[in-house]
Amino acid sequence: MLNFELQNPVKIIFGKGEISKINTQIPKEAKVLMLYGGGSIKKNGIYNQVTDALNGYNYLEFGGIPANPEYDILLEALKVIKDENITYLLAVGGGSVIDGTKFLASAALYEGEEPWDILANGIRTEVGMPFGTVLTLPATGTEMNSGSVISRRSTGDKRGMGGPGLFPQFSILDPTVIASIPKRQLANGITDAFTHVLEQYMTYPIGADLQDRFAESILNSLIETGPRVIENPKDYTVAANFMWCCTMALNGLIQKGVPNDWAIHAIGHELTALYGIDHARTLAIIAPRHYQYNIETKKEKLAQYGERVWRITEGTLLERAQLAIEKTEAFFQSLDIPTRLSDYTEQYAGTAEKVSETLKERGWVALGERKNVTPEAVKIIVEKSY
Ligand code: NZQ
Ligand code: ZN
């Protein structure tokens, strides 16, 4: 096992009816900005629950943060924070609203001229404005981690940021919010969480038995609860299990003491930047091709996953690894997630070169746990994804 440090200060408040506890978490003297997305919270009753809980607070609202949170819109929110002397942020939404709020928590205290530099120059946020979240869409794990991904459509960028100052102070996870989520977004959530586990697990054996078992448990649970939550998102037991799986998939726990990959996400973000494809779907396009390309270096873990998650016990190591890749792609497809770039855009020719060039321009020499996924390799992986 590798050496590691683990510190996660996020207070999770989990369960039905817990949104009302917002007022036990935000200091009474705070000036609050509540942030939300395109308006789903006004149709499903979450908005009313949040504003009821904010009764008595001095607060303002900022709605309209789009999926793949847009830098230019976030700058409008930043102006409100500065003009109105906001001291506390409350994100009510999925990954996009929460990530947008994390950017604002950082930018509000940033002393440089241009907040985009936080993303472009990889500036870590040591201290941010305090914020809490009400999660409305289980998928990303952002409610319990300190990362954020921001898009800038004018330049075709999608970049990550993070740091210890970007952990939410609290996150409220009420599984009843799942009842109103469209099937498409539920399928995205399952796929995103599943791939988060894979990125932290599908590397090479390092003797970290418990991390492996944690990861395999989350994968097994997602395979069981995923299709059931799509079928009946109102089933509380299923919704609760699904929600907790998504949080546990990316809250820092399973990545400690083990090598991490994250090449699928790095390549996937470029597909979203180019074509606006939903985050999770870009992962379903790239993951099978990434594992195929790297089957030699990942075969032990692929076969272990094949055995413990998909019950594949027959064949050589390589054959089992191969079957595990095929099972993974079939799982995504069973959720109605197409796994080829050409399923999403007719303009796919040249994508491999573009993605490879962008990564090169950023100075990314190579991705993956062995740092062997060079821009050349990325080109092949993307080309095979057409
Ligand atoms: O905007 P509204 O109207 O609220 O609608 C949203 C949006 O259209 C809707 N929705 C959310 N909760 C709902 C609901 N509709 C009905 N009922 C509800 N309860 O769902 C749509 C998608 O929302 P979005 O927040 O964009 O989805 P998701 O949670 O998948 O977030 C995706 C973003 O997170 C980033 C992605 O790159 C992408 O930008 N990620 C963040 C990570 C992190 N910070 O740790 C890790 C991930 O790998 C990922 O990169
Ligand atoms: Zn993801």
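The values are calculated or read from the model by the stated rules, or taken from the named source; none is laboratory data. The structure presented is a predicted model; accordingly, all values stated were derived computationally and were not measured. All Cβ positions, even for glycine, are placed from backbone atoms using ideal geometry, and neighbour counts span all protein chains on display. Calculation scope for accessible area: heavy atoms of the full protein, side chains included, ligands and nucleic acids excluded. Shrake-Rupley method; radii C 1.70, N 1.55, O 1.52, S 1.80 Å.
Results for (1) in contact (Cβ under 8 Å) with a residue 40 or more places away in the chain; (2) open to solvent by less than 50 Å² (accessible area, probe 1.4 Å); (3) not assigned by TED's automatic domain parsing to the domain that holds residue 159, shown as yes or no for each residue.
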site: 305; (1), (2), (3): yes, yes, yes
site: 308; (1), (2), (3): yes, no, yes
site: 317; (1), (2), (3): no, no, yes
site: 326; (1), (2), (3): no, no, yes
site: 332; (1), (2), (3): yes, yes, yes
site: 336; (1), (2), (3): yes, no, yes
site: 360; (1), (2), (3): no, no, yes
site: 365; (1), (2), (3): no, no, yes
site: 376; (1), (2), (3): no, no, yes
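When residue 16 is tested against (1) open to solvent by 60 Å² or more (accessible area, probe 1.4 Å); (2) away from ligand 1 (no atom under 16 Å from the Cβ), only condition (2) is not met. Being out of contact with any strand residue (DSSP E or B) (no Cβ under 7 Å at 6 or more places or on another chain) and within 30 Å of residue 201 (Cα to Cα) is not true of residue 109.
Only residues that are near ligand 1 (Cβ under 10 Å from one of its atoms), over 20 Å from residue 252 (Cα atoms) and open to solvent by 30 Å² or more (accessible area, probe 1.4 Å) were counted across the range 132-178, and they come to 1.
Residues that are away from ligand 1 (no atom under 16 Å from the Cβ) and either polar (S, T, N, Q) or buried (at least 19 other Cβ atoms within 10 Å of the Cβ) (or both): list the helices (runs of 4 or more DSSP H) wholly contained in the range 186-303 that include at least 3 such residues.
Working: elements: 209-231, 236-249, 263-275, 279-293.
Qualifying helices (runs of 4 or more DSSP H): 209-231, 279-293.
Those residues that are open to solvent by less than 40 Å² (accessible area, probe 1.4 Å) and within 24 Å of the chain's Cα centre (by Cα), I need them from the range 19-50; list them, please.
Start the filter on the range 19-50 by keeping residues that are open to solvent by less than 40 Å² (accessible area, probe 1.4 Å), which leaves 19, 22, 26, 30, 32-37, 39, 41, 45-46, 50.
Correct list: 19, 22, 33, 34, 35, 36, 37, 39, 41, 46, 50.
Taken together, the residues in the range 51-68 that are more than 29 Å from residue 152 (Cα to Cα) and either open to solvent by 30 Å² or more (accessible area, probe 1.4 Å) or at pLDDT below 95 (or both) amount to 4. Check whether at least one residue in the range 89-105 is in the same structural domain as residue 139 (by TED's automatic domain parsing), surrounded by fewer than 16 Cβ atoms within 10 Å (Cβ to Cβ) and either without any contact (Cβ under 8 Å) to a residue 60 or more places away in the chain or in contact with a His (Cβ under 6 Å, 6 or more places away or on another chain) (or both), and report yes or no. No, that holds for no residue. Every listed requirement among (1) under 17 Å from residue 151 (Cα atoms); (2) crowded, with 21+ Cβ neighbours inside 10 Å; (3) of a type in the set (A, V, I, L, M) is met by residue 86 save one, (1).
Does residue 170 satisfy the criteria of being assigned by TED's automatic domain parsing to the domain that holds residue 137 and not basic (Lys, Arg)? Let's see the steps before the verdict.
On the way: assigned by TED's automatic domain parsing to the domain that holds residue 137: yes; not basic (Lys, Arg): yes.
In short, yes.
Taking the stated definitions as given, is residue 95 within 19 Å of the chain's Cα centre (by Cα) and more than 13 Å from residue 33 (Cβ to Cβ)? Spelling it out, residue 95 is indeed within 19 Å of the chain's Cα centre (by Cα) and more than 13 Å from residue 33 (Cβ to Cβ). Within the range 28-66, the set of residues being within 13 Å of ligand 1 (Cβ to nearest atom) and either in a loop (DSSP other than H, G, I, E, B) or on the phi > 0 side of the Ramachandran plot (or both) comprises 37, 38, 39, 44, 45, 63, 64, 65, 66.
State yes or no: is residue 352 crowded, with 17+ Cβ neighbours inside 10 Å and away from ligand 1 (no atom under 16 Å from the Cβ)? Criteria met by residue 352.
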